[in-house]
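Undergrad: Structure below; questions to follow.
Bear in mind that the values in this text are calculations on the coordinates, not laboratory data. Since we're looking at a predicted model, the values are computed, not measured. Because the Cβ atoms are built from the backbone with ideal geometry, glycine has one as well, and the counts that use them run over all protein chains shown.
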Amino acid sequence: PERTLVLIKPDGVARQLTGEILRRIEAKGYTITALEQRTVGADLLTEHYAEHEGKPFFEPLLEFMTSGPLVAAIVEGNGVIEGFRSLAGATNPTSAAPGTIRGDLGRDWGTTVQQNLVHGSDSPESAAREIGIWFPQR
Ligand code: ATP
């Protein structure tokens, strides 16, 4: 089956939303096949976010993502890449639709970088690349 890399970002873990977010993934019918809470450094995140290097929010993004524990998961199921992005909602939590993770649980906190609770791979190529970064043994 298709696989995607999901992150519950440090804001989601700090706000005790890990269970709520995993519940939505499971309730949708997807399978969590790897799950780990960890605190990571700038090197791993620079690799993960390579496409954003040089953008104005890049440094704040690394600062945010290294600020505390996050949860990394491999999630499986037919169509899961598109399906999880649909569950997550739009990048900006202010405009994310109600019913989505970001729309229901997120908001604008006035920070430079959007604190939007989750990440999901955006293509099969990204998923393979990102799973290789976060779960090299898988
Ligand atoms: P999605 O692709 O679902 O919109 P994403 O996490 O893949 O979300 P990216 O475009 O890869 O979004 O951006 C990575 C992260 O950087 C975002 O999730 C968000 O936290 C932050 N970000 C992206 N664009 C901006 C922006 N214009 N201003 C502030 N933060 C941003």
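Undergrad: Residue by residue, what Karplus-based ³J(HN,Hα) values in Hz, rounded to whole numbers, does segment 45-55 have, using 6.51, -1.76 and 1.60 with θ = phi - 60° and x for Gly and Pro?
TA: 6, 5, 5, 4, 9, 3, 5, 9, 4, x, 6
Undergrad: Report ³J(HN,Hα) in whole Hz for each residue of segment 106-117, in order, from the Karplus equation J = 6.51 cos²θ - 1.76 cosθ + 1.60 where θ = phi - 60°; Gly and Pro get x.
TA: Here the 3J(HN,Hα) series is x, 7, 7, 9, x, 8, 4, 9, 5, 9, 10, 6 Hz.
Undergrad: Sticking with this structure for a sec: For segment 76-120, what is one quarter of the convex hull surface built on the Cα atoms, given in nm²?
TA: Approximately 3.1 nm², given one-decimal rounding.
Undergrad: Show me, bin by bin at 5 Å from 0, the whole-percent P(r) of the chain based on Cα pairs.
TA: Histogram of Cα-Cα distances, whole percents per bin: 2, 11, 20, 25, 24, 14, 4, 0.
Undergrad: While we're here: Would you be so kind as to identify which of Val40, Ala88, Trp134 lies farthest towards the positive end of the dipole of the chain, taking Lys and Arg as +1 and Asp and Glu as -1 on Cβ and the Cα centre as origin?
TA: Value: Ala88.
Undergrad: Take Glu59 and Ser126, extend 7 Å from each Cα along the Cα→Cβ direction, and tell me the distance between the two endpoints in nm.
TA: In this crude label model, Glu59 to Ser126 measures out at 2.5 nm.
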